[in-house]
Amino acid sequence: MPDAAIRFDDLTLGYDRHPALHHLSGVVRRGSLTAVVGPNGAGKSTLMKGIAGALSPLSGRCEVPGGRESVAYLPQAADLDRSFPISVFDLVSMGLMRRRGLFGGLSRADRDDVGEALSAVGLTGFERRPIGTLSGGQMQRALFARLLLQDAQVILLDEPLTAIDSKTAADLLALVQRWHAEARTVVAVLHDLDTVRTHFPETLLVAREPVAWGATGEVLTPENLLRARRMSEAQDPYARACARAA
Amino acid sequence: MLYDTLIAPFAEFEFMRRALAGSVALSLGAGPIGVFLMLRRMSLVGDAMAHAILPGAAIGYLVAGLSLGWMTIGGLAAGMAVALLAGLVTRATPLREDASLAAFYLISLALGVTLVSLRGSNLDLLHVLFGSVLGLDDATLLLVAGISTATLVALAVIYRPLVLECVDPGFLRSVSGAGGPTHIVFLLLVVLNLVGGFHALGTLLAVGLMMLPAISARFWTKDITGLVVVATGIGIVSGLVGLLISFHGGLAAGPTVILVAGAAYVLSVLAGPEGGLLSQVLPRRHLEA
């Protein structure tokens, strides 16, 4: 058994008893860099929520041996209220919350860390800007800066490169590579298969069930991708109870 | 002339001094609470909760007449019961919080009016509904001041999770389980301030000094600290000006205070530099970068 950062044991996740992704078993190795790909409605975001603990399994188990506190999760559409009057600095410094606690103040070293995180994502000079004035790409950079400060061992990214320009995407991918080099475990939902082939050594292809999981070159074959595309997106309102469910 | 208009009413009449102290104390607590209600898009929740505390106050009134302690305890209990029940139904069913809160506060309001009508005259009901800011005794003043103090201390303690719960509740859930308790403490503060307010302004107008200054402040500053300071300031000035107008004009004090806060709101909508109508109409040169 490899050193597991995340372990799935016949995991089924879904809504109202309908599975969005069912019967997933396997292990995400510690320090691995894994892309999760599949068509819309394949259960990719649901899987991220399941790992982050934001969604309870319908059956099976999802274990994070390092504990949920070792996980940092960037959802697809963070339910951020961008009209709220706080600055980029304050938003990013929230990444220190686990370290400082909910009620602790920020030390000078903490402030320096926030400055470094902002610098790492190219947002130096944006400290005092209200978050409502940021562009989509700038907001994504700020959220990556917050992730940096979370200093998590397992990082979950749900479509982090969607609707941002190529330079921002390249900068954020460089951060992902940096996390990988630091032996952190990164799992990212992505749609651009070229990016996956170039930057992600391992891939999990899903289509409401696991289609293939392993080395990216072996997973993203025309046969597997065709299988994934044939997935039925619709829920069956008359579906019977699953015989494989425990 | 200036002395007679602005100072004499307070220098000569103790009930005016008490009313001013009461409205200052109310503004200090209710202002910041109103700002957070507005930022959480819960502006109407304050109104619903104000109605919700009525049956508790009524039960206190039935037990002991116009007793500060009993009506306070009753109001607190009813307000928290409605807030928690609405929260429970929201989590256990597909109903959203605004819908469940509407259901519970309407039941609560009807229950409250029925209970008050079981005993007492219409005058008593008017007291519960509209308060008597000019009749604040020592005990009521201490209660209002105590609630304001407790509010400011509690807000300082829960400030960070409260802000985070407003900005990014999903993130707060992922790093801490403090979201639920913070929400409950915040609702408790809302109810506490409304109970404090209803002794002075009545259940219906208590929410006025909470929301009108907060909403007005949005037109003057973008910064959250600024919002709290401006809202509190507008509340205090509304109390002062409202009491003076009611004194000189022979008007009911509580509603006049709220009307002055309403005038501050209209002024803010028109002239506020942060999105007020005038600032949108008057051309200003854009910046270089």
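The values are calculated or read from the model by the stated rules, or taken from the named source; none is laboratory data. Given the structure is predicted, the values throughout are model-derived calculations rather than measurements. Using ideal geometry, Cβ is built from the backbone for each residue, glycine included, and neighbour counts are taken over all protein chains shown. For the accessible areas, the whole protein counts, side chains as well, though only heavy atoms, and no ligand, DNA or RNA atoms are used. Shrake-Rupley method; radii C 1.70, N 1.55, O 1.52, S 1.80 Å.
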Practice task
Using the structure shown, decide if A:L172 is surrounded by 13 or more Cβ atoms within 10 Å (Cβ to Cβ) and under 26 Å from A:E69 (Cα atoms).
Solution key: yes
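Residue-by-condition table, conditions (1) open to solvent by less than 70 Å² (accessible area, probe 1.4 Å); (2) free of Cβ contacts under 8 Å to residues at least 40 places away in the same chain; (3) out of contact with any His (no Cβ under 6 Å at 6 or more places or on another chain); (4) closer than 27 Å to A:L123 by Cα:
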site: A:R7; (1), (2), (3), (4): no, no, yes, no
site: A:R17; (1), (2), (3), (4): no, no, yes, no
site: A:R29; (1), (2), (3), (4): no, no, yes, no
site: A:S32; (1), (2), (3), (4): yes, no, yes, no
site: A:R61; (1), (2), (3), (4): no, no, yes, no
site: A:G66; (1), (2), (3), (4): yes, no, yes, no
site: A:G95; (1), (2), (3), (4): yes, no, yes, yes
site: A:G101; (1), (2), (3), (4): yes, yes, yes, yes
Handout entry: Yes/no for A:L143 being modelled with pLDDT of 90 or more and either in contact with a strand residue (DSSP E or B) (Cβ under 8 Å, 6 or more places away or on another chain) or open to solvent by 50 Å² or more (accessible area, probe 1.4 Å) (or both)
Key = yes
Completion exercise
Scanning the range B:224-240 for residues that are touching a Gly at 6+ places or on another chain (Cβ under 7 Å) and of a type in the set (G, A, S) gives B:A231, B:G235
Exercise for the section: Please verify whether the range B:9-20 includes one or more residues that are free of Cβ contacts under 8 Å to residues at least 40 places away in the same chain, surrounded by fewer than 17 Cβ atoms within 10 Å (Cβ to Cβ), assigned to a helix (DSSP H, G or I) and of a type in the set (K, R). Expected result: yes
Practice task
Report yes if some residue within the range A:201-219 is hydroxyl-bearing (S, T, Y) and either in contact (Cβ under 8 Å) with a residue 24 or more places away in the chain or buried (at least 22 other Cβ atoms within 10 Å of the Cβ) (or both); otherwise report no.
Solution key: yes
Problem - Close pairs (6 angstrom Cβ cut-off, 6 or more residues apart or separate chains): closer than 17 Å to B:M1 by Cα in the range B:238-250, of a type outside the set (D, E) anywhere - result: B:V241/B:V260; B:I245/B:T256; B:F247/B:P9
Practice task
For the range A:121-142, state whether one or more residues are among the aliphatic types (A, V, I, L, M) and over 22 Å from B:A289 (Cβ atoms).
Solution key: no
Fill in the blank from the handout: Residue set A:D90, A:D165; condition at pLDDT below 95 and farther than 27 Å from B:L39 by Cβ; output residue A:D165
Fill in the blank from the handout: When restricted to B:A83, B:A77, B:A110, the only residue in a helix (DSSP H, G or I), more than 14 Å from chain A (Cβ to nearest Cβ) and open to solvent by less than 50 Å² (accessible area, probe 1.4 Å) is B:A83
Problem - Count of residues meeting criterion [within 19 Å of the chain's Cα centre (by Cα) and more than 12 Å from chain B (Cβ to nearest Cβ)] in the range A:61-89 - result: 7
Problem - Residue list for the range B:225-252, restricted to those being open to solvent by less than 10 Å² (accessible area, probe 1.4 Å) and hydrophobic (A, V, I, L, M, F, W, C) - result: B:L227, B:A231, B:L243
Practice task
List every residue pair whose Cβ atoms lie under 9 Å apart, where the two residues are 6 or more positions apart in sequence or sit on different chains, the first residue falls within the range B:78-94 and is at pLDDT 90 or above and aromatic (F, W, Y), and the second residue, located anywhere, is surrounded by fewer than 16 Cβ atoms within 10 Å (Cβ to Cβ) and not in a helix (DSSP H, G or I).
Solution key: none
Problem - Candidates B:F186, B:F219 - the one that is open to solvent by 10 Å² or more (accessible area, probe 1.4 Å), within 29 Å of A:R128 (Cβ to Cβ) and of a type outside the set (A, V, I, L, M) - result: B:F219
Exercise for the section: Tell me which of these B:L282 doesn't satisfy, since it passes every other one: (1) open to solvent by 20 Å² or more (accessible area, probe 1.4 Å); (2) at pLDDT below 95; (3) within 14 Å of chain A (Cβ to nearest Cβ). Expected result: (3)
Exercise for the section: Pull up the range B:86-104, narrow it to residues that are in a helix (DSSP H, G or I) and charged (D, E, K, R), then point me to the one that is least open to solvent (accessible area, probe 1.4 Å). Expected result: B:E97
